[in-house]
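A.B. asks: Got a structure here, written out as structure tokens. Questions coming.
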Amino acid sequence: MTRHARSVELPLRLPPSGAPVRHRVADALIELLRTGHLRPGDALPATRALATELDISRNAVLAAYDELAAAGFIHATPGSSTVVAVGADVAARAGVSSHISPQTATRDELRDAPPEPRWNLVPGYPDTSLIEPGHWRAAWRSAAQQPVTNGLLHGEPHGEPDGEPHGQPDRQLRGALAAHLRRTRGVAADPADIILVPGVSAALRALAAAAGLAGRQVAFEHPGYPEGRRALESAGVHIHPVPVDDEGLDLTRLGRHDAAVYTTPAHQYPLGARLSAGRRAVLIRWAREARALVIEDDYDGEFRYDVRGLPALRSMDGGPELVAYIGTASKMLSPGFRIAWLIPPPYLRRAVLDALAVTDESISTTAGQALAHFIAAGHLSRHLARAARTYAARRHALIAALRDAAPGLRISGVDAGLHLVADLPRDTDEIGLRQRLHDAGLGVAVLGEYTTTPLDRRALVCGYALLPETQAAAAAAAIGAAYRE
Ligand SMILES: Cc1ncc(COP(=O)(O)O)c(C=O)c1O
């Protein structure tokens, strides 16, 4: 026998709260279940009528009903009314909710959650809002339209040029990257030379394994990229810290025992110098004579201002045999994308692929397809041009504002990239200053974070990619006040 739903008059009140209306409606209905005003089998009011009664949008009521149905409190009947499900009253009395409310976080969790800084000047983050949403969606639509393959996951995961039945998507990206690198960085690489990896650290670990660097010494910029240093250390490398000055890595400090050297020649990380043309030639000569590998991390080489870009080390005479070139999508697009590329010297290629097969590190096929489309359609070039203009304006605004608000700071490392360095007096307590800035709502890095051995220099490292020009004066004023304190 069909049971007819009981129509009920509901004493429904929406409790005032900051929660979305759909949650408040769902909570109010569950409360009626808990108190017995609403029982299994009862019909819920029509959405339009309830919306009118509560003076809210019908969409909010529909969303609340969807939420309650998804949680099993209610279900639609063939006659298109919505009724309370069997057991819904028991669930309501047991405190079951149809959604996760922020209040379910414990007080400890809430207390421990770090507040979001008002100004995020922590280096390393590009402004992803500059990516044209239509272009981004087109890239992912194009990836979604391609057949699902086992792609990068089997056989030769990082791309073997020939004889690979599943290698097509991977090959498209390598082709697009080869053209991009030739145009923007002067790097002449065949698509088959490019190995895709999920980040610069993965590239460093694979190189260390491939070149047999475990147990050997690798010259590493000091101060330098902490994640890169840790990646090499985790592969068993002994780090030889080599100082950096205004012309980049100090090559006079390279040692006889250095089997390789890691460097960021386009924009030293974090101090910002460009490796001078003279030093580039010396470095290549040294590597040839010492039979050492040069590891070039070209992490943000696309962004430079007021200066002509120097081509990558890899593009110099002798570069292809001596230099392992690494690039990444992390600064161009987003670190969340997890796509980077490695072009090792030919003699290391096979061993790098083998090393990556052991650790099973590869990029996502779909993300790779999306990036291939983004580059091939010309969207990456357009994005980089637009982003570089925006970053140039933000950089200019922050420098000018810092000169006003904190004239004592010496600013450097501004020719390229997405961050600058502001030198502090030698006796500054960097950590204390960083904390004061944090308390004032400003996230920033300090130079000490980039070293493992003490450095006779104190500085703030300030990313400006996320700082709109309109906020530069306020952020600089906060820095000036904390610095004077
Ligand atoms: C020197 C350097 N290399 C590489 C990266 C990014 O590497 P990944 O591709 O692992 O995100 C960064 C990011 O801040 C960096 O500073």
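The values are calculated or read from the model by the stated rules, or taken from the named source; none is laboratory data. Please read these numbers as outputs of a predicted model, since none were measured by experiment. Positions of Cβ are backbone-derived with ideal geometry, glycine not excepted, and every protein chain shown enters the neighbour counts. Just so you know, the surface numbers come from the protein's heavy atoms only, side chains and all, with ligands and any DNA or RNA stripped out. Shrake-Rupley method; radii C 1.70, N 1.55, O 1.52, S 1.80 Å.
A.B. asks: What pairs come up if the first residue lies in region 397-412 and is within 14 Å of residue 461 (Cβ to Cβ), the second is open to solvent by less than 20 Å² (accessible area, probe 1.4 Å) and part of a loop (DSSP other than H, G, I, E, B), and their beta carbons are under 7 Å apart, counting only those six or more places apart or on different chains?
C.D. replies: 398/464; 398/467; 402/409; 412/272
A.B. asks: In this structure, does residue 273 turn out to be aliphatic (A, V, I, L, M) and either assigned by TED's automatic domain parsing to the domain that holds residue 463 or at pLDDT below 95 (or both)?
C.D. replies: Judged against the criteria, residue 273 is a match.
A.B. asks: Here's something else I'd like to know. Just checking: which of the strands (runs of 3 or more DSSP E) contained wholly in region 193-298 hold 2 or more residues that are more than 16 Å from the ligand (Cβ to nearest atom)?
C.D. replies: The strands (runs of 3 or more DSSP E) meeting that bar are 238-245, 258-263.
A.B. asks: From 34, 58, 39, grab the single residue that is over 23 Å from residue 96 (Cα atoms), modelled with pLDDT of 85 or more and of a type in the set (Lys, Arg). Spell out the reasoning first.
C.D. replies: Details: 34 fails: over 23 Å from residue 96 (Cα atoms); 39 fails: over 23 Å from residue 96 (Cα atoms).
Going through 34, 58, 39 in turn, just one is over 23 Å from residue 96 (Cα atoms), modelled with pLDDT of 85 or more and of a type in the set (Lys, Arg): 58.
A.B. asks: Something else about it: Output the residues belonging to region 409-444 that are charged (D, E, K, R), exposed (fewer than 15 other Cβ atoms within 10 Å of the Cβ) and assigned to a loop (DSSP other than H, G, I, E, B).
C.D. replies: Those that are charged (D, E, K, R), exposed (fewer than 15 other Cβ atoms within 10 Å of the Cβ) and assigned to a loop (DSSP other than H, G, I, E, B): 426, 427, 429.
Yes/no per residue for (1) over 28 Å from residue 274 (Cα atoms); (2) not assigned by TED's automatic domain parsing to the domain that holds residue 467:
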residue: 305; (1), (2): no, yes
residue: 310; (1), (2): no, yes
residue: 315; (1), (2): no, yes
residue: 322; (1), (2): no, yes
residue: 327; (1), (2): no, yes
residue: 330; (1), (2): no, yes
residue: 358; (1), (2): yes, yes
residue: 372; (1), (2): yes, yes
residue: 389; (1), (2): no, no
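A.B. asks: Quick test for you: out of 476, 465, pick the one residue that is in contact with a Pro (Cβ under 7 Å, 6 or more places away or on another chain) and modelled with pLDDT of 95 or more.
C.D. replies: 465
A.B. asks: Given the criteria of a type outside the set (Asp, Glu), within 14 Å of the ligand (Cβ to nearest atom), open to solvent by less than 10 Å² (accessible area, probe 1.4 Å) and touching a Ser or Thr at 6+ places or on another chain (Cβ under 8 Å), does residue 340 qualify?
C.D. replies: yes
A.B. asks: Residues that are within 16 Å of the ligand (Cβ to nearest atom), outside any loop (DSSP other than H, G, I, E, B) and at negative phi: does region 308-322 have at least one?
C.D. replies: Checked region 308-322: at least one residue is within 16 Å of the ligand (Cβ to nearest atom), outside any loop (DSSP other than H, G, I, E, B) and at negative phi.
A.B. asks: Also, quick follow-up: Among the candidates 260, 231, single out the residue that is at pLDDT 95 or above, open to solvent by less than 10 Å² (accessible area, probe 1.4 Å) and out of contact with any strand residue (DSSP E or B) (no Cβ under 9 Å at 6 or more places or on another chain). Talk me through it step by step, then tell me what you get.
C.D. replies: On the way: 260 fails: out of contact with any strand residue (DSSP E or B) (no Cβ under 9 Å at 6 or more places or on another chain).
Result: 231 is the single residue among 260, 231 that is at pLDDT 95 or above, open to solvent by less than 10 Å² (accessible area, probe 1.4 Å) and out of contact with any strand residue (DSSP E or B) (no Cβ under 9 Å at 6 or more places or on another chain).
A.B. asks: So for region 369-376 (the condition being among the polar types (S, T, N, Q), under 23 Å from residue 311 (Cα atoms) and either surrounded by fewer than 18 Cβ atoms within 10 Å (Cβ to Cβ) or within 19 Å of the chain's Cα centre (by Cα) (or both)), does at least one residue qualify? Give the derivation first.
C.D. replies: Filtering region 369-376 for residues among the polar types (S, T, N, Q) gives 369.
Next, only the ones that are under 23 Å from residue 311 (Cα atoms) stay: none.
No, there is no match, as no residue in region 369-376 is among the polar types (S, T, N, Q), under 23 Å from residue 311 (Cα atoms) and either surrounded by fewer than 18 Cβ atoms within 10 Å (Cβ to Cβ) or within 19 Å of the chain's Cα centre (by Cα) (or both).
A.B. asks: Which of the residues spanning region 234-257 are open to solvent by less than 60 Å² (accessible area, probe 1.4 Å) and not small (Gly, Ala, Ser)?
C.D. replies: Across region 234-257, the qualifying residues are 237, 239, 240, 241, 242, 243, 244, 249, 250, 251, 254.
A.B. asks: Exactly one condition in (1) part of a loop (DSSP other than H, G, I, E, B); (2) in contact (Cβ under 8 Å) with a residue 24 or more places away in the chain; (3) away from the ligand (no atom under 16 Å from the Cβ) is not met by residue 362; state its number.
C.D. replies: Condition (3) is where residue 362 drops out.
A.B. asks: Identify all residues within region 107-131 that are at pLDDT below 80 and open to solvent by 80 Å² or more (accessible area, probe 1.4 Å); write none if there are none.
C.D. replies: Selection gives 107, 108, 109, 110, 111, 112, 114, 115, 116.
A.B. asks: Would you check if there is a residue in region 141-151 being modelled with pLDDT under 80 and open to solvent by less than 30 Å² (accessible area, probe 1.4 Å)?
C.D. replies: Checked against the condition, which is being modelled with pLDDT under 80 and open to solvent by less than 30 Å² (accessible area, probe 1.4 Å), region 141-151 yields at least one hit.
A.B. asks: So, in region 445-485, how many residues would count as being open to solvent by less than 10 Å² (accessible area, probe 1.4 Å) and in contact with a Lys or Arg (Cβ under 9 Å, 6 or more places away or on another chain)?
C.D. replies: 12
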